[in-house]
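Beneath this line is the structure, given in structure tokens, with notes to follow.
The values are calculated or read from the model by the stated rules, or taken from the named source; none is laboratory data. The structure displayed is predicted, hence computed values, not measured ones. Quick reminder, even Gly has a Cβ in these numbers, built from the backbone with ideal geometry, and neighbours come from all protein chains shown. Keep in mind that these areas ignore ligands, DNA and RNA; they rest on the heavy atoms of the full protein, side chains included. Shrake-Rupley method; radii C 1.70, N 1.55, O 1.52, S 1.80 Å.
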Amino acid sequence: MKRILVILTGFLMLSAGSCSQTGSADVTTAVPENTGTSSIAPTKSGEEINLTVAVMNGDYFDIERVAESFNAEDNGYHVELVPFIEEVHDEDGFPITPDIGEYQGADFSLVQEIINGDSVDIVGSFSFSNEAKYELLRKKGAFVDLYQFMENDDEVNRETLNSHVLSLKENDGHLYTLPTFYQINTLAGEEKYVGSERNWDIDSFMSHWNAMPDNTMINGARCAEYTYYVVLRSELESFVDYENAQVHFDSPDFRRLLEFCGTFESNHGEKLALDYDSPQFVWETYIAGIMQAGSFRNWDSDEKITLVGYPSEDGSGAFMSDIGRCYSINAKSSPEKQQGAWEFIRTFATEEYQVNNVIEEYTSEEDGFNAAGKDVWYSAEFGLCVNDRAFDRVAQDIIDYKYYDGKGVDKGEEYTYYIPVAEDVEKLKEYIETVDRWETRLDDALYNIVNDEIMAYFAGEKGLDETIELIQNRAALWVSEQYG
């Protein structure tokens with residue numbers, strides 16, 4: 001049974017009103033009422049405008065549940081989720097995971113529909129299996145500038161959302177995608193080893209490393225592969241220019257970082273035993289919530305922590321990334337549909353939605369693991385809220401112990417953990433303003449090209465010059481074919 005949908009047939013069915021939703025949302029979602037201040041009447045009397053959201057098969061997060069609530073408002077719009085891969089089950093009723101070729105085919109079909117058609121109104125990072133396709137469409141202007149809708153919205157606009165976060169998603173002053181929850185990705189180290197300077201360039205990274213003891217670890221290990229994963233892998237995207245179909249893996253910066261990784265011995269694919277007893281130079285840190293506001297201090301040793309970022313040419317190595325929830329509106333959709341699409345996607349950036357959905361409440365064992373045996377317990381935060389008031393409300397609730405009491409159980413043993421205080425939150429807010437890059441996902445096929453050659457270099461099969469030449473030539477050819 002062929003699993004990739006025939007797009008023409010699917011959209012003819014949709015226009016006839018016969019396309020149905022697939023998939024299910026398991027999470028319980030609190031959805032606030034739509035309180036936007038639209039200046040455009042959505043429909044004529046008795047008419048309803050259909051809005052389509054492109055999704056892959058599988059987990060739609062809470063999009064489906066929000067759509068159900070939105071449709072129930074009888075506001076003149078009706079949202080439909082359109083999967084670009086048909087869900088198929090085995091003889092026991094379990095879903096069959098599509099293979100890589102099917103995912104690639106679905107991505108191709110969706111890109112073509114966005115470029116050449118007007119049947120898809122809403123897309124996001126969740127719409128593609130390969131998110132690099134979404135980022136390229138965003139940069140190419142395939143979506144509507146959302147700032148025009150914010151001008152007439154008194155709840156979701158440039159003043160209520162974090163202006164710095166929005167600026168990192170802009171292209172030439174235009175906002176083509178609406179971020180909702182995000183996280184910060186960086187490297188961190190104890191101040192006694194790395195100093196107090198944040199967001200290093202490559203020279204700073206190298207000079208501090210050279211001053212470390214011989215037995216120093218990077219994220220708990222000393223091998224070529226793991227050093228590459230920690231130090232260089234997150235920077236690969238900076239050597240790719242999709243818009244101009246160029247790659248720069250022959251640059252001096254890439255050479256320096258790859259050569260540094262190659263100074264460590266290869267672990268030859270064997271399981272890695274991490275060592276945290278030796279001095280730790282830097283380690284990976286992900287700030288995906290207010291609870292990580294304590295990342296500026298090691299609370300076991302009371303040592304100050306510096307967030308140094310990933311080593312980069314200009315010191316912009318720390319970066320933000322969305323957590324699967326960015327939304328865009330197709331520029332080819334009609335003005336009426338664009339307005340309706342905004343009324344829908346704005347929901348995810350409202351104060352009430354973000355406060356109610358950034359942390360999940362559990363009340364039974366079926367909802368989530370409860371090692372401490374509590375009557376009510378809470379999930380970890382889903383991310384940092386882009387809505388400023390939601391950010392502050394969640395922060396204050398955490399400070400006030402609303403969600404977490406600082407006590408946990410691990411294998412039957414009780415332990416305590418740190419709850420941030422107001423000073424930690426202020427440091428986090430200040431640090432957010434210093435992060436000047438948003439992650440652009442590396443295309444999956446391109447990553448495999450780079451990774452394969454690097455692993456061969458670590459294994460001693462090729463020298464540094466040959467490896468760089470092979471990566472540059474293979475990557476340049478691939479990017480030219482795909483994006484030229």
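Within segment 222-251, count every residue that is assigned to a helix (DSSP H, G or I) and of a type in the set (S, T, N, Q). Don't jump to the end; show me each part of the working.
Looking only at segment 222-251, we keep the residues that are assigned to a helix (DSSP H, G or I), and these are 224-239.
Subsequent filtering for residues that are of a type in the set (S, T, N, Q) retains 227, 234, 238.
Summing the residues that are assigned to a helix (DSSP H, G or I) and of a type in the set (S, T, N, Q) in segment 222-251 gives 3.
Give the residue, chosen from Val79, Val111, Val120, Val156, that is modelled with pLDDT of 90 or more, in a loop (DSSP other than H, G, I, E, B) and either in contact with a strand residue (DSSP E or B) (Cβ under 6 Å, 6 or more places away or on another chain) or farther than 28 Å from Tyr353 by Cβ (or both). Give the derivation first.
Details: Val79 fails: in a loop (DSSP other than H, G, I, E, B); Val111 fails: in a loop (DSSP other than H, G, I, E, B); Val156 fails: either in contact with a strand residue (DSSP E or B) (Cβ under 6 Å, 6 or more places away or on another chain) or farther than 28 Å from Tyr353 by Cβ (or both).
None of the other options fit; the residue is Val120.
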Scan of segment 173-213 for residues that are in a loop (DSSP other than H, G, I, E, B) and more than 29 Å from Tyr353 (Cα to Cα), ordered by number: Gly195, Ser196, Glu197, Arg198, Asn199, Trp200, Ala211, Met212, Pro213
All positions within segment 168-184 that are open to solvent by 10 Å² or more (accessible area, probe 1.4 Å), on the phi < 0 side of the Ramachandran plot and either among the acidic types (Asp, Glu) or out of contact with any Leu (no Cβ under 9 Å at 6 or more places or on another chain) (or both): Leu168, Glu170, Asn171
Any hit, segment 197-208, residues being open to solvent by 10 Å² or more (accessible area, probe 1.4 Å), within 23 Å of the chain's Cα centre (by Cα) and closer than 30 Å to Cys326 by Cβ: yes
Hey, Glu414 of a type outside the set (Phe, Trp, Tyr) and closer than 17 Å to Tyr286 by Cα or not: no
Tally of residues being within 20 Å of Tyr229 (Cβ to Cβ) and among the aromatic types (Phe, Trp, Tyr) across segment 451-484: 2
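For (1) open to solvent by less than 30 Å² (accessible area, probe 1.4 Å); (2) farther than 17 Å from Gln292 by Cα; (3) of a type in the set (Phe, Trp, Tyr), each residue gets a yes or a no:
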| position | (1), (2), (3) |
| --- | --- |
| Ala380 | no, no, no |
| Phe391 | yes, no, yes |
| Asp400 | no, no, no |
| Tyr415 | no, yes, yes |
| Lys427 | no, no, no |
| Thr434 | no, no, no |
| Asp452 | no, yes, no |
| Ala456 | yes, yes, no |
Cross-chain or 6+ apart pairs with Cβ under 6 Å, segment 177-201 first and more than 16 Å from Ala211 (Cβ to Cβ), then open to solvent by 10 Å² or more (accessible area, probe 1.4 Å) and of a type in the set (Ser, Thr, Tyr): Gln183/Tyr286; Asn185/Tyr286; Thr186/Thr285; Ala188/Thr285
Breaking point among (1) surrounded by 14 or more Cβ atoms within 10 Å (Cβ to Cβ); (2) within 30 Å of Glu243 (Cβ to Cβ), for Asn116: (1)
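Among the residues of segment 436-450, write down those that are open to solvent by 10 Å² or more (accessible area, probe 1.4 Å) and either more than 18 Å from Thr227 (Cα to Cα) or in contact (Cβ under 8 Å) with a residue 40 or more places away in the chain (or both). First the steps, then the outcome.
First, the residues of segment 436-450 that are open to solvent by 10 Å² or more (accessible area, probe 1.4 Å): 436-442, 444-445, 447-449.
Once the filter is applied, which keeps residues that are open to solvent by 10 Å² or more (accessible area, probe 1.4 Å) and either more than 18 Å from Thr227 (Cα to Cα) or in contact (Cβ under 8 Å) with a residue 40 or more places away in the chain (or both), segment 436-450 yields Asp436, Arg437, Trp438, Glu439, Thr440, Arg441, Leu442, Asp444, Ala445, Tyr447, Ile449.
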Residue check, Ala106 under 29 Å from Tyr378 (Cβ atoms), assigned to a helix (DSSP H, G or I) and at pLDDT 75 or above: no
Complete set of residues in segment 102-113 that are crowded, with 22+ Cβ neighbours inside 10 Å and either closer than 24 Å to Leu168 by Cα or out of contact with any Lys or Arg (no Cβ under 7 Å at 6 or more places or on another chain) (or both): Ala106, Leu110, Glu113
Count - residues of segment 119-141 that are open to solvent by less than 20 Å² (accessible area, probe 1.4 Å) and of a type outside the set (Phe, Trp, Tyr): 12
Inter-residue pairs, beta-carbon under 9 Å, first open to solvent by 30 Å² or more (accessible area, probe 1.4 Å) and in segment 287-312, second assigned to a helix (DSSP H, G or I) and of a type in the set (D, E, K, R), 6+ apart: Arg297/Asp424; Glu303/Glu191; Glu303/Lys192; Lys304/Glu191; Lys304/Lys192
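If you take just the helices (runs of 4 or more DSSP H) that sit entirely in segment 252-364, which of them hold at least 3 residues that are in contact with a strand residue (DSSP E or B) (Cβ under 6 Å, 6 or more places away or on another chain)?
Details: elements: 252-262, 335-345, 351-357.
Helices (runs of 4 or more DSSP H) meeting the threshold: 335-345.
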Residues being in contact (Cβ under 8 Å) with a residue 40 or more places away in the chain, open to solvent by 60 Å² or more (accessible area, probe 1.4 Å) and charged (D, E, K, R) - total across segment 247-285: 5
Residue in segment 87-101 that is surrounded by 20 or more Cβ atoms within 10 Å (Cβ to Cβ), closer than 25 Å to Ser333 by Cα and either out of contact with any helix residue (DSSP H, G or I) (no Cβ under 8 Å at 6 or more places or on another chain) or touching a residue at least 24 places away in the same chain (Cβ under 8 Å) (or both) present: no
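Just checking, which of Asp443, Asp436, Asp392, Asp397 is more than 24 Å from the chain's Cα centre (by Cα) and among the acidic types (Asp, Glu)?
Working: Asp443 fails: more than 24 Å from the chain's Cα centre (by Cα); Asp436 fails: more than 24 Å from the chain's Cα centre (by Cα); Asp392 fails: more than 24 Å from the chain's Cα centre (by Cα).
Going through Asp443, Asp436, Asp392, Asp397 in turn, the sole match is Asp397.
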